[in-house]
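The values are calculated or read from the model by the stated rules, or taken from the named source; none is laboratory data. Since we're looking at a predicted model, the values are computed, not measured. No Cβ is skipped: glycine too gets one built from the backbone with ideal geometry, and neighbour counts run over all protein chains shown.
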Amino acid sequence: MDPFFDTLARRFFTPTDADNDYMVNGDLKTDITENDKDYVMKIDVPGIDKKNIHLAYQHGDLAISIDQQRDSEKKDEKGRVVASERSHGVMSRTYELPGVDRDNISAQVMNGVLTITLPKAADTHEDNGQIEIQ
């Protein structure tokens, strides 16, 4: 039997909470917009506590890492544990965003969306790397 289709069929007929867990599925959905003043990133992080999200900006790259652990128990009508599940997921991603004013980056999590605002530096001199000859 094909393991992919075996797993697919098993999950179709008996889905688990892990099937809806983006940490298990390995998906960081990201939108990045840019205007004259800044970059704005919106990243879906449903169910993730902000203490488990780590951000770092260095050398023109924004690194995001998420470390999430989840435990769940299912009990019968008498309170006996009939199922106990644990999951742990680590995800990271790096985005190249040059010319950012690192000291004024802001981030917040609201309704399962991480919003990061990265103001552009006033004068970066990183246009195209060309040097004007005087």
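Data overview
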read-out: Enumeration of residues in the stretch 81-123 that are assigned to a strand (DSSP E or B), surrounded by 11 or more Cβ atoms within 10 Å (Cβ to Cβ) and among the polar types (S, T, N, Q); value: 87, 92, 94, 115, 117
read-out: The stretch 55-80 residues that are outside any strand (DSSP E or B), paired with ones that are aliphatic (A, V, I, L, M) (beta carbon under 9 Å, 6 or more apart); value: 60/97; 60/100; 76/82
read-out: Filter result for the condition that a residue is at pLDDT 75 or above, in a helix (DSSP H, G or I), under 19 Å from the mean Cα position of the chain (by Cα) and not aromatic (Phe, Trp, Tyr), over 42, 51; value: 51
